[in-house]
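Colleague: Submitted below is the structure of interest, expressed as C-alpha cells.
Nothing in this text is a laboratory measurement; each read-out follows from the coordinates by a stated rule. What you are looking at is a predicted structure, and each value in this text was computed from that prediction instead of being measured. Cβ sites come from the backbone with ideal geometry, for glycine too, and all protein chains shown count toward neighbours.
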Amino acid sequence: MVTQRAVPVGGPPSLDSFVKSITKIEASQVPGMVDHLISLLKRRQIRGSRNTAVATANLLMRVVSATKWSHVDAIISKIREIGRRLTRAQPRELAVGNIVRRVLGLIREEVENDSPPPSASLPAGTTLSLQSAHSTQGGVPAAPLGQPSTSMFSLLSQNPTPQKDKSSHSSKNIKAGIMEGIREILDELSTADDLIAASALEHIHSNEIILTMGYSVTVQRFLLRAAQKRSFTVIIAEGYPNDQDKVHQVLSGDPDSPGNSQIAEDSHLTFQQTLTRAGLIVILIPDSAVYAMMSRVNKVILGTHAVTANGGLVAAAGAAVISKAAKEHRTPVVVVAGAYKLSPVHPFDVEGISEHGDPGKAVRWEDADMVESCDVVNTLFDYVPPNMVDLYITNLGGHAPSYLYRIVADHYRPEDVSLDG
Amino acid sequence: MPPHDSQKPKGPAGKEEEDDSFILQAVVLTDSFERRFRPITHETPRCLFPVANTPLINYTLNFLADSGVEEVFLFCCSQAEKVEAYLKTTKWMGDGSPFKKFQIIVNQKLTSMGDAMRELDGKSLIKGDFLLITADVVTNMVIGPALQAHRARRAKNKDAIMTMVLRESQSTHRTMDRGDKAIFVLDKANGRCLHYERILPDRQRPFLSLPAEVLQAPTISIRDDLLDCYIDICSQDVPALFTENFDYQHIRGHFLHGILQDYELYGKMIHCYITRKDYIARVRGLQTYDAITKDIVSGWAYPICIDHNLFDDMDYTKTRNHIYRENDVTLTRSTLLKPNTVVGAHTSVGENTVLSGSVVGRQCKIGENVKVDGAYIWDHVEIGNNCEVGKSIIANNVVLGENVRVMPGAVISHGVCIAPGTTVYGDYSITTTNGPDAEEEQETDAGVVGEGGKGFLYEDSESDSDEIERITASRLPRQKRTALLTIMDDSDSDSSYVSSSDESTFSEVSSASASRRRAKKSKQKSRMSINTQRSDYSATSNEDDPDESFFKEAYSSLLTALEANHPVEVAALELNSLRMSSNASFDLVRRAVATAFVAQIGRLTSGVKLADVKDIVLAFASQWHSLAKRTVFSRDDQVELMLELQKASLGLGKDLGTRVFAYTLQGLYNDDVLPEEAVFAWQKHPKGHLNNGQEVRSIADQFANWLAEAESDDSGDEEEEEDDEEEESDEE
C-alpha cells in the first residue's frame, strides 16, 4: 500500500496537499486527518475563508463516510466534537464553524425528511440544484437564483436518491443523503463567486467610480463581470502591509505571481484576466489617500473575511477606515461575500476577533534597532459595524443588513449555533 | 469568460510525484556540547528549556513536521532519560505523530557533534540527503526552497555536499550570539562558501585572512551579517567525511574549515542558502534565550505565536499589547499586566503586583506588591510579598521569601530557596547541585541565600562563574583557552583532544601572513569590539597573541611526542588538529616543528662528543622527517623551514648549533624533504645572514656548496643519491 504523504517533501503543507491526501486515506486514518487539519489551522497553513471552508467540508465528508453509527445522535455529537476542536484551533476563521453548522443542519434535516413524507418543495429544489451543478461544469454563468426567499437550507438538504420510503430509516440512506449534501456545499463554495458576479451589472453602471481595497477574488470577479458590458473606473487601495504585494502583482498582470497562483489553488478558480486587461481604468492608491478620494467615489465595494450575525464585517485591516470615510461622504458600501462567510456568531469580543499578523511585513526583522526598541503590531482584520454597510451581495442575491438574520436562520439550526457542550 | 479549469497549474502536483521516492530524514542533536547554561543545565537539558513556556525542542520538531520530514533520528547524550521521558508525553512520539519514524539514539559517550556524525555513519541510517539540526532552533521557515536548491546543485555536481541555511540579519541584532559570530566569504554567483572565519569577541582584530584561492572567484561577498543557526542540509558524504577525519568535532570550526582548506584533497563544496524572510534563531546562551523569547512574544516568529497554541497542552489567549494568559490564571483587580507578558496556567498573582515584559510559567504563586520586570520565571515558583525581580532566570520550584530583591542578570537554578529580605546580586548564579558528576554535595551558603535558604553560588569547575553570560550585560563568554592547554599537557593518549569541549578547541584564529585588510568591514567590527568589556581578559594577557599561544601549545605537544617516541602519524595528527582548531598558519607550524626538533636534538646531544652528534642527528632526522615534510608544500616553505631551523640552532651555541643545523639539513635532504634547489635558495636567502645567522652556517654552507658541485657534475638522479652517500662518508 502506498501511504500518502500528509506533508509534501520540503513543505509547507497546503490546502491542495490536504485535499489530495484526504481522498486517499483509509477509514482508520480519519482521526489523524482531523488532527492534521487542526495543526494546519493552528500554523496558519490553511487560511482564508474559502480555503478553510473547503478543507472543513472535505474533512467532514470523509468523517461521515468513514464513521459507522447506529443512531443519528452519534454522528451529530461526533461532528460537534470535531467542530469544537476546529473552531478552538483557529477561532478567527469563522467559516470553519459555519461549515460544521451547515453539515449538522444537513444531518438533522435528513433525519427529519426521512421520517415524514417529503415536502412539496422538493421538485423546485431539485431543479435548482441541477442548474447550479450544470453551471459549475460548463463554466457558463448561471442565471441568478430566482427566488431569494427559497430556503437555501432545504435546497441543499435534498436527497436526490429516488427511494424515499418511510420504512427505509437506515443510516445508509441518511449517509448517502448527507454526503450528497456536503458535496453540494462544496459546489456552492466553488460557484459562489460566479453567482455573486452574476449580479454585477445590476450594481455597477457605466462611468461610475468604484473604490475597493486589497486583494479579494470575489471582488475581482465581480468587477470583471461588470467590465464585460460597462466601462468604469476602479480605485484600489493597496492594503498595506498584508495585501500590498499581491495587489501589485495582480495589477501588473504577472501570471506567475504568487498572488495569481494563490487563486489558482482555489478549487475551480483561476484569475486569468486581470482588471487592467479588461479595459478598465484602474488607479492604485495608498491606503492613506482613501479619504481624499472618497468625495469622487460613487460606490465602495468590499470583500470580507466573514460576516457576523448582526451584519458586521470582519474584513482585512483598512476596511473600517474606508467604510467610515464612505459614511462621511454618504457613499454606499456594498459588501460581496459568499453565504458561507455568514456566521451565526455575534461579535461580542471585537478586539479578540482580529489576529495579530507578522510584524515583519511592516518592519524588517533585520532592523536590529527597531526590533529591540519597538513593539510592532500588524493587525490582520478590522471589525466594521453593520451600520456602515448598505448592501450585502451573496450568492443568494442582494440583502439589506437588516435582512441578514433571516439568512442566518435559514442556514443554521438554532441548536447548533453554539458548538460547546 | 474562458473556462477556468484550463488554467489550473499542473506544476506543483507533478513535482510532488517525482519526489515520492525521496524520504526526507532529519538528524537532531539534543545536546549542544556547550556549557553556557550551567548551572541550570545540570537539571534540565537545554532542549527542554521553556521558551515562552514551551520546551524548546517542540519548536524544532514543529519545523521538521512542517518541512515534511518523515524520519527523525534524535541523538541524546547528557540527560537522555529526561529528554526521552518528555518526548513520550508529546504528540511527536504518540499517535498521530507527523513523523513516520522517530528514533532516539542514546549514547552517553558522545562529546561533540563530530562523534554523533560518526555514530550516524556507523549505523548507516541515512538514505539520502538529510537535515542536520540542533534541538534548540526556533524557526518558521519551510525547508522546501533550500532543499530544492541543494538537490538541484547535487544533481549537477555530486561534490556539492552540504548547504548551510543562514538568515540575513545584522551583526548587532539581538538574536546574534555574541560569542559565536562568523564571517562568511561566499562566491556571489552560486552561493558557495569559500572561506569561513569566526569573529572572536575578546579581541580587536580588523583583519580577515583570505587564502589566495578565494580570490579566483569573479565576485565574492564577505558577510558578517549572517545568522548561523547550524541548520544544514547534508548529503551522505558528510557523516562519511567525519568518519574519515576522526579529529573533526565541530561542524563549523573543524568540518567546514577542513573541507574548505583541503579543497584540493577532497574536492567537496559547501554552499549557503540565505533567506531574507523567514524567522530563524537558535538559543545559544542567555542573551539569545532572552532575545528569542522576546521575538516570540512580540510575534516576530509568526505563525509561531503563543496564542496559536501550536503545541499539545497550550491554551493561551492574547489581548492587546502582547499580553498572553493561559486558562485558569488568577489575577486580582489591582494586578497590573504590562505589555509583553505571558502568564501560564494555574498561576495566581496577588494584589498590586506589576508584571512587565516577563514570562511566568505554570502553577506559580506570586504574592502582593511584587514587581517583576523582564524576568523569566519557570514553573512552580513561589514569590513572596514585596519582592522585586529584575531581568533574571528563575528556574522550576524556586522559592523567594518576602522582600527578596533579585537584581538583573541573576540566575537562580532549580529548587533554590532564598530567605526573606535577601538580595541576589546580578552576577550570582545560585544552584543546589553541582551536577550529577559532583563528588560531594556542597553546603548551603547562608551568605548568599540568607538564613534558612537553600543553595550556594555556582562555580564552574573549569573556570569561574563569570563566564556565564549575563542577559543584560554585554559581557561576553570568556574563551576557555586554558582548558585545552591543560588537556594537551597531561595527555598520554593521542586521542585526548576528543574530550575537550568544542568551545575550548575553538579559540584561536591566527593572523595568517596573507591577511588582507577589509576596509569596509573593519569599521563595523571595531565598533562592535568597543562594546566588549575588556576588563575580563586582563588576567589572560599573556595569551593575548594567538600566534604565540598556538606556538607554545604546538611546541609543547610536539616535544612530548618526540620525547616519548610517539609514532610519527600520531604526532602529525595531533599537530594537525591543533592547527585546525586554532586556525593557525603553516608558518607557525613550521616554526614549532623546527624549534621542537632542535630542542629535542639539543637534549639528545647534550654531553655527547661533537663527533657523535652527526649520527644522532641523522638518526633523529630519518625517524621524524615525515613530520617536517607535512609542513612544507612549496619551495618557499622549504626555505622557510631551513631558516627556522637555523634560527633555532642558534640557541644551542656555536659549535653544537652549527653541527646540529647542518646535519639536520643533510638528514632532511637525504629523506627528500628538502630538495637541493631549496638548499640553494636558502643559501642565497638574505634572511639567513641576519642576526648572527652566520654563526651556525659554516658547515651547512659547505654542504650546499658541495651539493652545487655534485649537481653540475651529475646528470641522473639515482647516481646522485649514491654519490651523496659516498660524499658524506668522505666528509666525515
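Colleague: So what are the ³J(HN,Hα) numbers for region B:376-384, from phi and the Karplus equation (6.51, -1.76, 1.60; θ = phi - 60°), rounded to whole Hz, Gly and Pro as x?
Modeller: 10, 9, 7, 7, 6, 9, 10, 10, x
Colleague: Nothing charged except the Cβ atoms of Lys and Arg (+1) and of Asp and Glu (-1): what's the magnitude of the dipole of region B:21-286 about its Cα centre? Round to the nearest 20 debye.
Modeller: So the dipole magnitude of region B:21-286 works out to roughly 480 debye.
Colleague: Charges only on Cβ, +1 for Lys and Arg, -1 for Asp and Glu: so what's the dipole of region A:199-416 about the Cα centre, in debye to the nearest 20? Kindly include the intermediate steps, with their values, before the conclusion.
Modeller: Numbers: 16 positive and 25 negative charges, 276 e Å.
That gives a dipole near 1320 debye.
Colleague: Apply the Karplus curve 6.51 cos²θ - 1.76 cosθ + 1.60, θ = phi - 60°, to the phi angles in region A:219-232 and return the couplings in whole Hz, x for Gly and Pro.
Modeller: So the Karplus estimates, Gly and Pro as x, are 5, 4, 5, 4, 5, 4, 4, 5, 5, 5, 10, 10, 10, 8 Hz.
Colleague: Can you give the three extents of the C-alpha atoms in region A:199-416 along their principal axes, from longest to shortest, in whole Å?
Modeller: That works out to 53, 46, 39 Å along the principal axes.
Colleague: If amide H atoms are built 1.01 Å from N in the plane of the peptide, which residues on other chains or at least 5 residues away come under 5 Å of the amide H of residue B:362?
Modeller: Placed amide hydrogens put B:379, B:380 under 5 Å from residue B:362.
Colleague: From the square roots a ≥ b ≥ c of the eigenvalues of the alpha-carbon gyration tensor of region B:134-207, which class results: rounded (a/c under 1.5), prolate (a/b over b/c), or oblate?
Modeller: It is oblate, given that a/c is not under 1.5 and a/b is not larger than b/c.
Colleague: State to the nearest 20 debye the size of the charge dipole of region B:545-731 about its Cα centre, where the only charges are +1 on K and R beta carbons and -1 on D and E beta carbons. Show your work: numbers first, answer last.
Modeller: Details: 16 positive and 39 negative charges, 335 e Å.
Using only the charged Cβ atoms, the result is roughly 1600 debye.
Colleague: What list do you get for A:17, B:649 if you sort them by fewest beta carbons within 10 Å?
Modeller: Result, fewest neighbours first: A:17, B:649.
Colleague: What are the ³J(HN,Hα) couplings of region A:403-419, residue after residue, when phi is run through the Karplus curve with 6.51, -1.76, 1.60 and θ = phi - 60°? Round to Hz, x for glycine and proline.
Modeller: With the stated coefficients, region A:403-419 comes to 8, 4, 3, 5, 5, 4, 5, 5, 8, 10, 6, x, 6, 9, 4, 9, 8 Hz.
Colleague: Identify the chymotrypsin sites (Phe, Trp or Tyr not before Pro) of region B:612-673 meeting these criteria: DSSP loop state and at most 16 other C-beta atoms within 10 Å of the C-beta.
Modeller: For chymotrypsin sites (Phe, Trp or Tyr not before Pro) across region B:612-673 that sit outside H, G, I, E and B with at most 16 neighbouring Cβ atoms in 10 Å, the list reads B:633.
Colleague: Taking the Cα atoms of region B:214-305, what is the range of coordinates along each of the three principal axes, in descending order and whole Å?
Modeller: Reported extents, whole Å, longest axis first: 48, 34, 23.
Colleague: Just need log10 I(q)/I(0) for region B:315-462 at q = 0.12 Å⁻¹, Debye formula, equal scatterers on the alpha-carbon atoms, no solvent, rounded to two decimals.
Modeller: Each listed q maps to, in turn, -0.46.
Colleague: Dipole of region A:310-421 (Lys/Arg Cβ +1, Asp/Glu Cβ -1, origin at the Cα centre): which of A:345, A:373, A:395 lies farthest to the positive side?
Modeller: A:395
Colleague: Now a separate question. Over the whole of B:66-78, what's the average partner chain Cβ count within 10 Å per residue? Rounded to a whole number, please.
Modeller: Counting Cβ atoms of other protein chains within 10 Å of each residue's Cβ and averaging gives 3.
Colleague: Sort the following peptides by mean Cβ neighbour count (other Cβ atoms within 10 Å, averaged over residues), highest first: A:35-42, A:385-392.
Modeller: Highest to lowest by the protection proxy: A:35-42, A:385-392.
Colleague: Averaged across the residues of A:26-33, what count of C-beta atoms belonging to other chains lies within 10 Å of each residue's C-beta?
Modeller: Mean partner-chain Cβ count within 10 Å for A:26-33: 1.
Colleague: Separate question: Could you give me the percent of Cα pairs per 10 Å distance bin for region B:325-400, shortest bin first, beginning at zero and ending with the bin that holds the maximum distance?
Modeller: The percentages, shortest bin first, are 24, 66, 10.
Colleague: Also, quick follow-up: Can you pull the Kirkwood radius for region B:545-731, inverse mean 1/r over Cα pairs, to one decimal in Å?
Modeller: Working: mean 1/r = 0.0599 Å⁻¹.
Answer for region B:545-731: a Kirkwood hydrodynamic radius of 16.7 Å.
Colleague: For region B:21-286, I need the span (max minus min coordinate) of the C-alpha atoms along each principal axis, in Å, sorted largest to smallest.
Modeller: 53, 45, 36
Colleague: What's the percent breakdown of Cα-Cα distances in region B:136-274 across 5 Å bins, shortest bin first?
Modeller: Pair shares across the bins are 2, 9, 19, 23, 22, 16, 7, 2, 0.
Colleague: Just the Cα atoms of region B:50-181, one point each, no solvent: what log10 I(q)/I(0) does Debye give at q = 0.15 Å⁻¹?
Modeller: Taken in order of the listed q values, log10 I(q)/I(0) reads -0.91.
Colleague: Report the extension gain between residue A:71 and residue A:108 in nm, rounded to one decimal, defined as 0.36 nm multiplied by the number of residues separating them, less their alpha carbon distance.
Modeller: Working: separation 37, 0.36 × 37 = 13.32 nm, distance 1.20 nm.
Extending this stretch completely gives an extra 12.1 nm.
Colleague: Sticking with this one: Please identify the trypsin sites (Lys or Arg not before Pro) of region A:334-393 that satisfy two criteria: DSSP loop assignment and at most 16 other Cβ atoms within 10 Å. Which are they?
Modeller: A:364
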